[in-house]
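Okay, so here's the structure we're looking at.
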Amino acid sequence: MENVHPTAPAAQLIAEGNAVLGIELGSTNIKASLIGPDFQQLSSGSHQWENQFSDQLWTYSIESIHAGLQDCFAALLADCRQRYGITPASFASVGISAMMHGYMAFDESGELLVPFRTWRNTNTSAAAAKLTEAFGFNIPLRWSVAHYFQAMLDREAHVAKVAHLTTLAGYVHEQLTGEKVLGVGDASGMFPIDTATGNYDAAMLETFAQLAASYPAPHRLEELLPAVLPAGAAAGKLSESGARLLDPTGTLQTGVPFCPPEGDAGTGMVATNSVAVRTGNVSAGTSIFAMLVLDQPLAGLHHEIDVVTTPAGDSVAMVHCNNGASEIGVWAGVFGDFARALGATASSDEVFGALLGSALEGAADGAGLLAYNNLSGEPVTGLEQGRPLIIRTPDSSLNLANLMRAQVYGMFATLSLGMKVLAAEGVRAEKMHAHGGIFRTAGVAQRFLAAALDTPVSVSQTAGHGGPWGIAVLASFRKYLESNPDTSLDAFLNGQVFASAKTQEASPLPEDVAGYSAWLANYESGLAIQRAAIAAL
Ligand SMILES: Nc1ncnc2c1ncn2[C@@H]1O[C@H](COP(=O)(O)OP(=O)(O)O)[C@@H](O)[C@H]1O
Ligand SMILES: O=C(CO)[C@@H](O)[C@@H](O)COP(=O)(O)O
């Protein structure tokens with residue numbers, strides 16, 4: 001067995017079922033991370049998938065969720081076999097996380113009533129506006145309660161049959177354990193959380209009951225929502241049907257304990273060690289969002305700012321943009337095709353490396369090129385639909401370096417506009433911790449993000465493992481609390497997980513900050529072109 005490296009402690013750990021498993025269902029990848037007691041990743045697996053635009057709504061089918069989960073888990077088992085010659089049959093603890101929000105509505109018998117409506121849908125503006133006004137609290141378009149209320153406003157027949165609502169992580173957790181529960185961070189993207197009680201806000205539930213009174217919904221919303229659990233709580237065990245769903249080969253044993261399922265915002269906070277007050281982080285994948293843990297409530301209500309919670313239940317201000325690195329990924333595909341047409345072989349990482357590397361040579365102000373990455377609608381800038389666009393003035397200088405500089409700036413533009421609103425509220429972090437696919441190429445997106453936010457940005461060694469590693473850490477926290485019951489999540493992260501973590505920090509360079517600021521002013525003027533494109537095409 002040539003490929004087997006029996007690193008004794010790791011192999012033994014996995015063989016004895018003492019490793020911890022995290023699985024995260026992101027927008028473009030389902031990823032699994034297996035970690036040891038020192039939180040080092042021992043093995044990983046992934047499955048690529050894509051949302052479908054069906055009947056004007058972004059969705060993933062239930063079949064693709066199940067098949068993707070199985071394929072991802074099978075990839076992890078194969079990786080374990082290849083590295084250690086072992087197929088794990090049990091784990092010390094498991095956690096599930098996923099993209100947040102959206103709408104998964106089930107009837108009494110557990111049947112999905114309408115296809116899963118993901119966070120990416122922007123059909124909920126009427127509901128979100130009404131709820132925001134009634135609650136005096138910003139309800140973003142993608143939140144589950146906005147989807148549910150929109151279905152009421154649209155007089156959708158299925159509303160009368162809804163017996164249970166959950167998120168994607170909640171659904172998968174339930175399939176694996178039978179428990180209808182949700183970590184508080186993920187729950188905070190379904191319905192506002194009262195941080196004093198760690199549960200759904202009772203006054204807002206009452207307001208919702210009044211708003212919903214004239215619609216044929218037999219249950220109050222609190223009867224439909226999953227029970228809320230804080231980080232570290234016991235959240236059920238792997239059932240027989242769950243074990244067979246994850247592993248149809250029949251090897252996986254039942255009874256493995258689970259931590260509460262969480263959203264990818266929460267796993268991002270954990271993976272970047274940003275759950276303490278006044279810490280901040282940025283997650284840049286399909287979407288891009290920045291979060292700051294608040295030490296006091298925000299004074300005002302802003303449509304650009306969502307308020308969610310950490311997995312421990314503390315308030316977090318979030319600027320969320322639907323469009324992150326996907327458009328740059330499309331351009332990387334185009335340049336990869338071009339390289340192949342010339343007879344060159346280049347991996348995706350090499351293409352990204354070359355393209356992003358060239359952005360470092362681009363003009364600080366983008367040299368007259370603007371790039372809009374809006375593949376879908378963008379609530380922060382008030383765009384109802386996506387129209388990705390590159391536009392330049394005749395005196396601009398179009399070359400690879402400037403094109404890529406504009407693309408990277410374009411990825412951060414909406415985020416930086418939202419962060420200005422937060423800064424005007426007096427909320428700023430001394431530095432931001434970043435993670436997500438775009439940081440796989442070191443030193444480029446990080447440098448320009450620092451310029452866009454005019455704040456130092458650090459990226460840790462573990463950032464590449466991202467959300468699946470974050471949920472594996474949360475699953476480890478559940479286990480750690482068994483013998484250390486009074487430890488806070490923050491103390492666990494600082495004392496155990498990140499005690500000797502290595503991070504790279506990039507400070508904003510003055511010429512980038514000035515160049516980006518000039519570029520952003522043009523970008524804001526050019527939003528009119530985006531609106532015209534939506535009207536015209
Ligand atoms: N080597 C790379 N360097 C920089 N960016 C990359 C690289 N590989 C992929 N990406 C970008 O990362 C994005 C995916 O990030 P990820 O955090 O995995 O997303 P998600 O959680 O939404 O599935 C892609 O859209 C692509 O633009
Ligand atoms: O909406 C949120 C967080 O609030 C995310 O779950 C959503 O943007 C999906 O994130 P990804 O782009 O899949 O990483």
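In this rough spin-label picture, where each label sits 7 Å from Cα along the Cβ direction, the Ala423-Ala299 distance is 1.7 nm.
Model label sites at Ala126 and Val334, defined 7 Å from Cα along the beta-carbon direction, differ in position by 3.7 nm.
With R₀ fixed at 25 Å, the C-beta to C-beta distance from Lys237 to Glu16 puts the FRET efficiency at about 0.85.
Between Ala67 and Ala521, the C-beta separation translates, for a Förster distance of 35 Å, into a calculated FRET efficiency of about 0.15. By the helix-only formula, in which each DSSP H run with n ≥ 4 contributes -39500 (n - 2.57) and the sum is divided by residues, the chain has a 222 nm mean residue ellipticity of -12000 deg cm²/dmol. Between Gln210 and Glu111, residue separation times 0.36 nm minus the direct Cα-Cα distance comes to 32.9 nm.
Net charge of the neighbourhood of Thr167, taken over other residues with C-beta under 13 Å away and scored Lys/Arg +1, Asp/Glu -1, is -2. Distance between the C-alpha centres of segment 474-495 and segment 388-428: 40 Å, rounded to the whole angstrom.
Between Ile391 and Ala157, the modelled labels are 4.4 nm apart [label points 7 Å from Cα along Cα→Cβ].
Starting from the Cα-Cα distance between Ala442 and Asp486, subtract it from 0.36 nm times their residue separation and give me the gain in nm to one decimal.
Extending this stretch completely gives an extra 12.1 nm.
Any read-out appearing in this document is the output of simple, stated calculations on the displayed coordinates, not a laboratory observation. For clarity, every value in this text was computed on a predicted model and none was experimentally measured. Glycine also receives a Cβ, built like all others from the backbone with ideal geometry; neighbour counts cover every protein chain displayed.
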